[in-house]
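Below is one structure; the comments refer to it alone.
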Amino acid sequence: MTTRINPSILAADFANLEHELGRIATADLVHVDVMDNHFVPNLTIGRPVVERIAQVSPIPLDVHLMIEDPDRWAPGYAEAGAASVTFHVESANDPVAIARRLREIGARAGVALKPGTPVEPFLDVLDEFDQVLVMTVEPGFGGQAFMPETMPKLSRVAAAVRERGLDVWLQVDGGITVDTLGIALEAGADTFVAGSAVFKGDPAEQIADLRAAASA
Ligand code: DX5
Ligand code: ZN
């Protein structure tokens, strides 16, 4: 199984982004957290900054939108150069329409679920998406503890993807470390976001350790 390690730059030094992007060049995609202070109680960066990151990053962008009204704003991030754009279902009016628009622009389309959000409504339309992000913490902040109670939901998506032979990446985000990664891998995840675990030390070493855990 192909697995991916996507460092989150939420834990990077925002005053030295180009340098930080260089330090994670051995990863698969760079996870970029966009927060609007409405959908979550935190504010990060928006489209103009994402567009510049896309221009200088050595690896493709995996944008995670934690915002209201993704129906209106998500396509702009695909236009800004993101390889993948994931929006939250809780704030989306028409998730399938957003996904189709993202694909039309040329990005992978992802749908994200908070820990308490059921996945069942999406199991029938999984082929409309390229990625399902099962949040393993409440979105909004880095450095929180992994929530193992989200794993049964992940297993259900993994089973549906397998049964239908779909190419849908299963992403986990929040509290991923060399220790918790195995739990999510076991439940069926293949794409691992890690912020604090990558930037706490030498990012290249941490990425290598996470990679080893993901191929165990
Ligand atoms: C949280 C963000 C995550 C965050 C993860 O809402 O979506 O991407 O950066 O950080 P860690 O890996 O520190 O839990
Ligand atoms: Zn994220």
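Values quoted throughout were computed directly from the atomic coordinates according to the rules given, and no laboratory measurement underlies them. In this text the structure is predicted, and so the values were computed from the model without any measurement. FYI the Cβ positions are ideal-geometry reconstructions off the backbone, even for glycines, and counts take in every protein chain you see.
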How about segment 115-139: which of its residues are surrounded by fewer than 19 Cβ atoms within 10 Å (Cβ to Cβ) and within 16 Å of ligand 2 (Cβ to nearest atom)?
115, 117, 138
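If I ask for residues that are buried (at least 20 other Cβ atoms within 10 Å of the Cβ) and over 19 Å from residue 37 (Cα atoms), which ones from segment 57-84 would you list? Please lay out each step first, then the result.
Filtering segment 57-84 for residues buried (at least 20 other Cβ atoms within 10 Å of the Cβ) gives 57, 61-67, 70, 74, 77-78, 80, 82, 84.
Residues satisfying the conditions are 57, 61, 62, 78, 80, 82, 84.
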Would you check which residues across segment 1-20 are of a type in the set (S, T, N, Q) and in contact (Cβ under 8 Å) with a residue 12 or more places away in the chain and list them?
2, 3, 6, 8
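Do the conditions hold for residue 37, that is, is it within 12 Å of ligand 2 (Cβ to nearest atom), over 26 Å from residue 188 (Cβ atoms) and surrounded by fewer than 17 Cβ atoms within 10 Å (Cβ to Cβ)?
Numbers: within 12 Å of ligand 2 (Cβ to nearest atom): no; over 26 Å from residue 188 (Cβ atoms): yes; surrounded by fewer than 17 Cβ atoms within 10 Å (Cβ to Cβ): yes.
Spelling it out, it is not the case that residue 37 is within 12 Å of ligand 2 (Cβ to nearest atom), over 26 Å from residue 188 (Cβ atoms) and surrounded by fewer than 17 Cβ atoms within 10 Å (Cβ to Cβ).
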Filtering segment 67-122 down to residues that are of a type in the set (Val, Ile, Thr), over 14 Å from the mean Cα position of the chain (by Cα), more than 18 Å from residue 166 (Cβ to Cβ) and not in a loop (DSSP other than H, G, I, E, B) yields 98, 105
Restricting attention to segment 21-53, the residues that are among the charged types (D, E, K, R) and either in contact with a Ser or Thr (Cβ under 9 Å, 6 or more places away or on another chain) or in contact (Cβ under 8 Å) with a residue 40 or more places away in the chain (or both) number exactly 4
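Here is a check on your reading of the model: is residue 166 out of contact with any Pro (no Cβ under 9 Å at 6 or more places or on another chain), touching a residue at least 40 places away in the same chain (Cβ under 8 Å) and in a helix (DSSP H, G or I)? Can you show your working first?
On the way: out of contact with any Pro (no Cβ under 9 Å at 6 or more places or on another chain): yes; touching a residue at least 40 places away in the same chain (Cβ under 8 Å): yes; in a helix (DSSP H, G or I): no.
Spelling it out, it is not the case that residue 166 is out of contact with any Pro (no Cβ under 9 Å at 6 or more places or on another chain), touching a residue at least 40 places away in the same chain (Cβ under 8 Å) and in a helix (DSSP H, G or I).
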What residue, of 197, 187, 160, is within 16 Å of ligand 2 (Cβ to nearest atom) and of a type in the set (A, V, I, L, M)?
197
Can you find even one residue in segment 115-125 that is in contact (Cβ under 8 Å) with a residue 24 or more places away in the chain, within 12 Å of ligand 1 (Cβ to nearest atom) and closer than 19 Å to residue 40 by Cα?
yes
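Can you name the residue in segment 181-199 that is over 12 Å from the mean Cα position of the chain (by Cα) and touching a residue at least 40 places away in the same chain (Cβ under 8 Å) and, of all such residues, is farthest from residue 150 (Cα to Cα)? Spell out how you get there, then give the answer.
Step one: of segment 181-199, the residues over 12 Å from the mean Cα position of the chain (by Cα) are 181-188, 196-199.
Now restrict to residues that are touching a residue at least 40 places away in the same chain (Cβ under 8 Å): 184-185, 196, 198-199.
Values: 184: 9, 185: 13, 196: 20, 198: 22, 199: 25 Å.
Step by step, filter segment 181-199, then rank; the result is 199.
Within segment 9-34, can you find the residues that are out of contact with any strand residue (DSSP E or B) (no Cβ under 8 Å at 6 or more places or on another chain) and either surrounded by 16 or more Cβ atoms within 10 Å (Cβ to Cβ) or part of a loop (DSSP other than H, G, I, E, B) (or both)? Give the steps one after another, and end with the answer.
First, the residues of segment 9-34 that are out of contact with any strand residue (DSSP E or B) (no Cβ under 8 Å at 6 or more places or on another chain): 11-20, 22-23, 25-26.
Correct list: 11, 12, 13, 17, 20, 23, 25, 26.
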